[in-house]
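Notes for the one structure printed next.
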Amino acid sequence: MKGYIALGISIISEVFGTTMLKLSEGFTHLFASFGVIIGFGIAFYCLSICLITIPLSLAYAIWAGIGTALTASIGVLIWNEPFSIITMGGLVLIIGGVVLLNASHTTKPAEESSN
C-alpha cells in the first residue's frame, strides 16, 4: 500500500511539474521554473520509493499512463488544446495497456503455480 501512495504522489507531482513547465515559457518565469524543479524532483524521488515494492514495468506504466491522461485533460481544460476522437482513442489505449500490465502482475506464471 505504501508503494501505491508513493506512486500517487509521484504522478501528481509529475503532472504539477509538467504544468509548471508550460507556465514557465521556456524557463523565463522564475516561479514556474522553480515549480518544474520541485515537481519533477518529488516525482522522481517518490517513483524511486514506490519501486521498492512495485515492479518497475507496472509502476512506470501506471505513472506514464495516468500522468499522460491527466496532463492531456489539463491541456484541454485549461489551455483549450484540441481534443478529438483520435485523442480519446489514444488515451483509452494507454489506460487499457496499464490495465493489461496490472493484470499480468496479478496472475502467476504457469511454472510458478505448479510448484
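Read-outs throughout are calculated quantities, based only on the coordinates presented, and are distinct from any laboratory measurement. Given the structure is predicted, the values throughout are model-derived calculations rather than measurements.
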- Theoretical ellipticity at 222 nm over the chain - DSSP helices of four or more residues, -39500 (n - 2.57) apiece, nearest 500: -28000 deg cm²/dmol
- Item | segment 2-113: C-alpha gyration tensor shape, a/c 1.5 cut-off, then a/b vs b/c | oblate
- Task: State the extension gain, in nm to one decimal, for the chain segment bounded by I37 and I52, taking 0.36 nm per residue of separation less the distance between their alpha-carbons.
- Result: 3.1 nm
- Message: Given an 8 Å cut-off on Cα distances and at least 6 residues of separation, report the relative contact order of segment 2-113 as a percent.
- Response: 28
- Report the full-extension gain for the segment A103 to L77: residue separation times 0.36 nm, less the Cα-Cα distance, to one decimal in nm. 6.2 nm
